[in-house]
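The values are calculated or read from the model by the stated rules, or taken from the named source; none is laboratory data. All values derive from a computational prediction rather than experimental measurement. Glycine gets a Cβ as well: all are built from the backbone with ideal geometry, and neighbour counts include every protein chain shown. What goes into the accessible areas is simple: the full protein's heavy atoms, side chains included, and nothing from ligands, DNA or RNA. Shrake-Rupley method; radii C 1.70, N 1.55, O 1.52, S 1.80 Å.
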Amino acid sequence: MNSCIRCGYCYEHCPVFKSTKWEIDSPRGKLILLYGLLSGELEPSDYIANKIFECFHCGRCQKACASGVPTLEVFDAARADLIDAGFNVVGTTSQTNHDICARCLNCVRMCKHEARSFVDGKIITDRLKCRSCGSCLDICSEKGITIGTGYGTNPDELSSKIKKFLNNPENPDAKAIVFMCGWSSYPGFQASVYDKFEISREYEILVTACSGRLKSQTVLESFEEGAWGVLICCCPENECDHGGSARVKARMKYLTDFFEKMDIEKNRIQIAEIPQGNPKLFTDTATKFIKEIGSLGPAFERVGKC
Amino acid sequence: MGPIDIELLKKIVGPENVRDNIADRYVYGADASVHEATPHVIVRPTNTEQVQEVMRYANREKIPVVPRGAGSGMCGQVTPIMGGIVLDMKGMNRILEINVKDGYCRVEPGVVDDDLNRALKPYGVFYPPTPASSLIATIGGEIANNASGTRSVKYGAARDALLALKVVLANGECLSLGATTRVAASGYPLERLIVGSEGTLAVIVEATLRFVPIPKYRCLGISNFNRLSDAGDAISDIMASGCQPSMLELVDKVAITAVNKAEKLGLPDVEAILLFEADGMAKESIDPEIEKIKSICEKHGGFGVEYSYDEKERARIFAGRSKLFPSLSKFDDRLASTSLADDMAVPFSKMAEAAGKIHEIAAKYGIVMTAYGHCGAGCIHTKILMDTDKNFQWEAAEKAVAEIYDYVCSVGGTTSAEHGIGLSKAPAFKKEKEAALELMRGIKRVFDPNNILNPGKLMDAPDRWLVATPLRYQIVE
Ligand code: SF4
Ligand code: SF4
């Protein structure tokens, strides 16, 4: 723990911190809490335990850390200890509403992390294995799975951000929503490794957990609020740990086919595979996308407010 | 100070912007320094009126208030040593105006440096102070610490880029200081007094900053030296030659070894490396500068000189320097990289001698220290690598720090180049500025008669940093 020099450079990369801007939600905040627990200066509590479990496991903090602090290992070990100590907290892990759950076991089968299992007639989440990707939420036809604190990635949170950005009278240039997977292409907004100066005000970047979690409904909502287009950046299919890239592609194919039938340009919805650490590709893709939809003009008159 | 009325604070800034549980308070008691202390409550205002309300209340009840930006300071500037309220300014993070015609921008204090530059870029201009931590550093924090970075040799520090400030005084009054014009001749430049005051005089709620054109070309070069003193001579010669480098960086042998060990970059096994850069709108103006710097380096025994305009090449040349900071933490698993004697400034002609002196003092006290820095600005950074478990190492570090700053003062240098004073450099600062301390205290009394704004810092900081607060490290022996 002493190798963390508390420079704070990691926290601008963390989607949890970026969503609240409270330092306790940053990777450095987590490390400081753990330090307090180890040194005895802090008493363990549900609040602290929850904070340690609130993480999307994106690994950006570890990559950003110049001092080589193995944050992911440290957090995982701490979580195991907290569970051993009897803390029954859920953080950002997915939880099942057993009253709604139809026991179809789709989520158990699809979870790439083997975090869900069927025990004594109930689906339970292994909180150490769950990577908070949210894929199971999407697969559950009964809407019986939730992530309590989504840090901006839950559908209702995305909806309100879409509304806010597209209806902001101070930004007449707003015309597109870019959904970015929290693992691969999310640039950290102003991370120094990113070609940070080139995110235009024409589009808003919204971080979904895994892009596979992005609902068609959320994409359609963007159009309803006046978006000219929607770009979805996901991991290359073979790099996605959660199987989400394939799912979002299939879903968007369905949507674009529908657009075509309705005589709406299908390139208003675009998907780009952006591997980790290729910000240039993101910038280029986004620039090209904005140019294309710029030439198409508003989609609004075509779709109309539903 | 009586009990803090949390409910009242919640009414002022909204319940979602107040945190008073022990976990949050513990996190906000830390920064990048060796210090820690726990505040009573964290309050995150989102506008000026809220800051005023909070200050009125705190002043009435004599509750300490510590304004905080990113919390990336290295000397304990935001350590709330007397508890009280931490005012987290990250909630005020709007860029209010970019006025290209009149050459200024207006921002709230919580705006992140990189964010501002991202917003300025389309206009072809940039805000130059940019410390290494620009991806998290807030403008308010940069002004309060008079921050600068590798290019300060040409572009100056936060103070040079500041035109005007809006501040809230300890009694809640809001004042505009300075002017948005480029020149403002008369009266006391109070806005400049706030720069480097480390939150002890007023709370910054808005800053008007000037910007400069982004240079079209940059050329970066490198020269190796077999003797540190030769590199030192080259530095003073370059600075006296009329050249205007945009960067001039010195990396010493300890740092080279650290980088080679941690990153296997294969830097030459030399005593010192000098990195130099010139920038401008036309290559015709840059080329002669680079040629001149090259010949000065060679005159002083510099070898292996190369330079390039190409971005990739520049990144390659700079790799050693950019990997330096992290390498120090990885230098030796048993040693932690502590933020002590972290910065200082000396005259150009003393750069090499100071680096040598630092090594000598480190050896004497059984700790590891390196010296690197923006030597074009006379700025030296170090870190103390030591076994933080051991009490005797801390005692040695305390002596080493004192001795280093005594030396710095003796050659006409100063305690802080760009990181600030806080707690861990305060003993040296107080020694250096001894004659002016009473005057500073007087100014503080005029601004803040109840001594509620970041009390116990700068001239009022404890005489020994080692016992000023609990240390963030656990000492076992
Ligand atoms: S984890 Fe790394 S980047 Fe984050 S504060 Fe610690 S040293 Fe800095
Ligand atoms: S892994 Fe990602 S979400 Fe978790 S603390 Fe690190 S940066 Fe934040």
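Can you pull out the residues in region B:210-237 that are out of contact with any Lys or Arg (no Cβ under 8 Å at 6 or more places or on another chain), of a type in the set (A, V, I, L, M) and in a strand (DSSP E or B)?
Within region B:210-237, B:VAL212, B:ILE222 qualify.
Report yes if A:LEU72 is within 16 Å of ligand 2 (Cβ to nearest atom) and open to solvent by 40 Å² or more (accessible area, probe 1.4 Å), otherwise no. It would help to see each step written out before you state the result.
Numbers: within 16 Å of ligand 2 (Cβ to nearest atom): yes; open to solvent by 40 Å² or more (accessible area, probe 1.4 Å): yes.
Yes, satisfied.
Criterion first (modelled with pLDDT of 95 or more, among the polar types (S, T, N, Q) and either in contact with a Gly (Cβ under 7 Å, 6 or more places away or on another chain) or assigned by TED's automatic domain parsing to the domain that holds B:MET344 (or both)) does B:SER410 satisfy it?
Details: modelled with pLDDT of 95 or more: yes; among the polar types (S, T, N, Q): yes; either in contact with a Gly (Cβ under 7 Å, 6 or more places away or on another chain) or assigned by TED's automatic domain parsing to the domain that holds B:MET344 (or both): yes.
Taking the combined requirement at face value, the residue satisfies it.
Which of the residues that make up region B:407-425 are part of a loop (DSSP other than H, G, I, E, B) and more than 17 Å from B:GLU360 (Cβ to Cβ)? Break it down into steps so the answer makes sense when it comes.
As a first pass, look at region B:407-425 and keep what is part of a loop (DSSP other than H, G, I, E, B): B:411-413, B:415-425.
Across region B:407-425, the qualifying residues are B:GLY412, B:THR415, B:SER416, B:ALA417, B:GLU418, B:HIS419, B:GLY420, B:ILE421, B:GLY422, B:LEU423, B:SER424, B:LYS425.
Check region A:266-275 and report whether any residue there is open to solvent by less than 30 Å² (accessible area, probe 1.4 Å), within 30 Å of A:ARG116 (Cβ to Cβ) and in a loop (DSSP other than H, G, I, E, B).
Within region A:266-275, one or more residues are open to solvent by less than 30 Å² (accessible area, probe 1.4 Å), within 30 Å of A:ARG116 (Cβ to Cβ) and in a loop (DSSP other than H, G, I, E, B).
How do the strands (runs of 3 or more DSSP E) wholly within region B:274-360 filter down when requiring 1 or more residues that are within 13 Å of chain A (Cβ to nearest Cβ) and within 16 Å of ligand 1 (Cβ to nearest atom): which remain? First the steps, then the outcome.
Details: elements: B:303-308, B:336-338, B:343-345.
Those strands (runs of 3 or more DSSP E) span B:336-338.
Does B:SER148 count as crowded, with 20+ Cβ neighbours inside 10 Å, modelled with pLDDT under 95 and away from chain A (no Cβ under 13 Å)?
Details: crowded, with 20+ Cβ neighbours inside 10 Å: yes; modelled with pLDDT under 95: yes; away from chain A (no Cβ under 13 Å): yes.
When the stated conditions are applied, B:SER148 passes them.
Which of the following residues is at pLDDT 95 or above, more than 12 Å from ligand 1 (Cβ to nearest atom) and either among the hydrophobic types (A, V, I, L, M, F, W, C) or under 26 Å from A:GLN276 (Cα atoms) (or both): A:ILE52, A:ILE100, A:ILE32?
Details: A:ILE100 fails: at pLDDT 95 or above; A:ILE32 fails: more than 12 Å from ligand 1 (Cβ to nearest atom).
Every option except A:ILE52 fails the conditions.
Yes or no: A:GLU260 part of a helix (DSSP H, G or I), of a type in the set (D, E, K, R) and surrounded by 15 or more Cβ atoms within 10 Å (Cβ to Cβ)?
Values: part of a helix (DSSP H, G or I): yes; of a type in the set (D, E, K, R): yes; surrounded by 15 or more Cβ atoms within 10 Å (Cβ to Cβ): no.
For A:GLU260, the condition - part of a helix (DSSP H, G or I), of a type in the set (D, E, K, R) and surrounded by 15 or more Cβ atoms within 10 Å (Cβ to Cβ) - is not met.
So which of B:GLY76, B:GLY91, B:GLY83 is among the small types (Gly, Ala, Ser), within 30 Å of B:GLU61 (Cα to Cα) and within 10 Å of chain A (Cβ to nearest Cβ)? Talk me through it step by step, then tell me what you get.
On the way: B:GLY76 fails: within 10 Å of chain A (Cβ to nearest Cβ); B:GLY83 fails: within 10 Å of chain A (Cβ to nearest Cβ).
Of the residues listed, the single one that is among the small types (Gly, Ala, Ser), within 30 Å of B:GLU61 (Cα to Cα) and within 10 Å of chain A (Cβ to nearest Cβ) is B:GLY91.
May I ask you to list the residues in region B:118-138 that are under 21 Å from B:GLY280 (Cα atoms) and out of contact with any Pro (no Cβ under 9 Å at 6 or more places or on another chain)?
Residues of region B:118-138 that are under 21 Å from B:GLY280 (Cα atoms), as a first pass: B:118, B:120-131.
Within region B:118-138, B:ARG118, B:LEU120, B:LYS121, B:PRO122, B:TYR123, B:TYR127, B:PRO128, B:PRO129, B:THR130, B:PRO131 meet the criteria.
Under the condition of being at the interface with chain B (Cβ under 9 Å from one of its Cβ atoms) and of a type in the set (Lys, Arg), which residue from region A:5-27 is nearest to ligand 2 (Cβ to nearest atom)?
Looking at the filtered set, the residue picked out is A:LYS21.
Looking only at region A:1-29, which residues are open to solvent by 10 Å² or more (accessible area, probe 1.4 Å), in contact (Cβ under 8 Å) with a residue 12 or more places away in the chain and either within 9 Å of ligand 1 (Cβ to nearest atom) or within 21 Å of A:ASP76 (Cβ to Cβ) (or both)?
Within region A:1-29, A:MET1, A:SER3, A:CYS4, A:ILE5, A:CYS7, A:TYR9, A:CYS10, A:HIS13, A:CYS14, A:PRO15 qualify.
Any idea which of (1) open to solvent by 40 Å² or more (accessible area, probe 1.4 Å); (2) within 12 Å of ligand 2 (Cβ to nearest atom) is the one A:GLU43 doesn't satisfy?
The one condition A:GLU43 does not meet is (2).
Yes or no: A:ASP156 more than 23 Å from A:CYS107 (Cα to Cα) and either among the hydroxyl-bearing types (Ser, Thr, Tyr) or open to solvent by 20 Å² or more (accessible area, probe 1.4 Å) (or both)? Break it down into steps so the answer makes sense when it comes.
On the way: more than 23 Å from A:CYS107 (Cα to Cα): no; either among the hydroxyl-bearing types (Ser, Thr, Tyr) or open to solvent by 20 Å² or more (accessible area, probe 1.4 Å) (or both): yes.
No.
Quick one: would you say B:GLY422 is closer than 28 Å to B:ALA132 by Cβ and touching a Phe, Trp or Tyr at 6+ places or on another chain (Cβ under 6 Å)?
No, not satisfied.
Taking the condition away from ligand 1 (no atom under 14 Å from the Cβ) and at the interface with chain B (Cβ under 8 Å from one of its Cβ atoms), does A:TYR47 pass?
Working: away from ligand 1 (no atom under 14 Å from the Cβ): yes; at the interface with chain B (Cβ under 8 Å from one of its Cβ atoms): yes.
Spelling it out, A:TYR47 is indeed away from ligand 1 (no atom under 14 Å from the Cβ) and at the interface with chain B (Cβ under 8 Å from one of its Cβ atoms).
Given the criterion of a type in the set (Gly, Ala, Ser), under 30 Å from A:GLY277 (Cβ atoms) and within 18 Å of the chain's Cα centre (by Cα), identify the matching residue among A:GLY59, A:GLY68. Before the answer, list the steps.
Details: A:GLY68 fails: within 18 Å of the chain's Cα centre (by Cα).
Of the residues listed, the single one that is of a type in the set (Gly, Ala, Ser), under 30 Å from A:GLY277 (Cβ atoms) and within 18 Å of the chain's Cα centre (by Cα) is A:GLY59.
Does A:GLU114 satisfy being more than 28 Å from A:ALA246 (Cα to Cα) and without any contact (Cβ under 8 Å) to a residue 24 or more places away in the chain? Write out each step before concluding.
Working: more than 28 Å from A:ALA246 (Cα to Cα): no; without any contact (Cβ under 8 Å) to a residue 24 or more places away in the chain: yes.
Against the criterion (more than 28 Å from A:ALA246 (Cα to Cα) and without any contact (Cβ under 8 Å) to a residue 24 or more places away in the chain), A:GLU114 does not qualify.
Please name all residue pairs, on different chains or six or more residues apart, with Cβ atoms under 7 Å, provided the first residue is in region A:61-79 and is within 14 Å of chain B (Cβ to nearest Cβ) and under 24 Å from B:SER339 (Cβ atoms) and the second residue is small (Gly, Ala, Ser) and within 9 Å of ligand 1 (Cβ to nearest atom).
Once the first residue is within 14 Å of chain B (Cβ to nearest Cβ) and under 24 Å from B:SER339 (Cβ atoms) and sits in region A:61-79, its partners that are small (Gly, Ala, Ser) and within 9 Å of ligand 1 (Cβ to nearest atom) give A:SER67/A:SER3; A:SER67/B:SER329; A:GLY68/A:SER3; A:GLY68/B:SER329; A:VAL69/A:SER3.
Output the number of the condition that A:LYS30 fails; it satisfies all remaining conditions of (1) assigned to a helix (DSSP H, G or I); (2) more than 11 Å from chain B (Cβ to nearest Cβ).
(2)
Criterion first (at pLDDT 95 or above and not in a helix (DSSP H, G or I)) does B:LEU385 satisfy it?
On the way: at pLDDT 95 or above: no; not in a helix (DSSP H, G or I): yes.
In short, no.
Please list, ordered by first then second residue, the pairs with beta carbon atoms under 7 Å, 6 or more apart or interchain, first in region A:162-173 and more than 21 Å from A:THR208 (Cα to Cα), second assigned to a loop (DSSP other than H, G, I, E, B).
So the pair list comes out as A:ASN168/A:ALA174; A:ASN171/A:ARG201; A:ASP173/A:ARG201; A:ASP173/A:GLU202.
Has region B:422-438 got at least one residue that is of a type in the set (A, V, I, L, M, F, W, C) and within 9 Å of B:THR200 (Cβ to Cβ)?
In the first step, residues of region B:422-438 are kept if they are of a type in the set (A, V, I, L, M, F, W, C); the result is B:423, B:426, B:428-429, B:435-437.
Narrowing further to those that are within 9 Å of B:THR200 (Cβ to Cβ): none.
Within region B:422-438 (the criterion being of a type in the set (A, V, I, L, M, F, W, C) and within 9 Å of B:THR200 (Cβ to Cβ)), the answer is no, since none of the residues qualifies.
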